[in-house]
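Derivation of every value follows stated rules applied to the coordinates shown; laboratory data play no part. All of these numbers come straight from a predicted model, not from anything done at the bench. Because the Cβ atoms are built from the backbone with ideal geometry, glycine has one as well, and the counts that use them run over all protein chains shown.
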Amino acid sequence: MRAEARSVLVFGGAVDSLFLLGKGDFFMSEQLQEKRLAVISMFVENIEATTKVNALLHEFSQFVVGRMGIPCRSKEVSVISVVMDAPSSQINSLCGKLGSIDGVKAKSLFGV
C-alpha cells in the first residue's frame, strides 16, 4: 500500500510527518516517534538459532544499549537480555523477528 503524506493540524500546529494510509489510518514517521527504553528477553532453546539471533541483533545494533547472555547448560537453553533505546516500532519489530525464529521465545518489556 502506498502511503501519501499529508499535513494535518495536531494540537494547534501542523505536523508534516503523518502519513495517510487509507480511510483515516495514519502512522507517524520514526523521526517523530519518541524513543523508549526497553528490554527484550529471550530463551534460545536451539543452539543453531544463535546465528540468526546474532544477525538480527547486529541489524538493530544502532538501538542496542547493551546485552547479556547466560548459558544454562543444565537446561540446554541460553537466556539473553537486550536493552534498547529506540522507537517502539523498532523494538516491536526486533522482538517479533526474534520470536519468529524456530527455537527462540522473545518478549519485550517497556520502561521509560
Task: Residues (surrounded by fewer than 15 Cβ atoms within 10 Å (Cβ to Cβ), within 15 Å of the chain's Cα centre (by Cα) and under 11 Å from Val44 (Cβ atoms)) located in segment 100-110 - done: Lys105
Task: Of all residues making up segment 50-99, the number that are surrounded by 15 or more Cβ atoms within 10 Å (Cβ to Cβ) and assigned to a helix (DSSP H, G or I) - done: 15
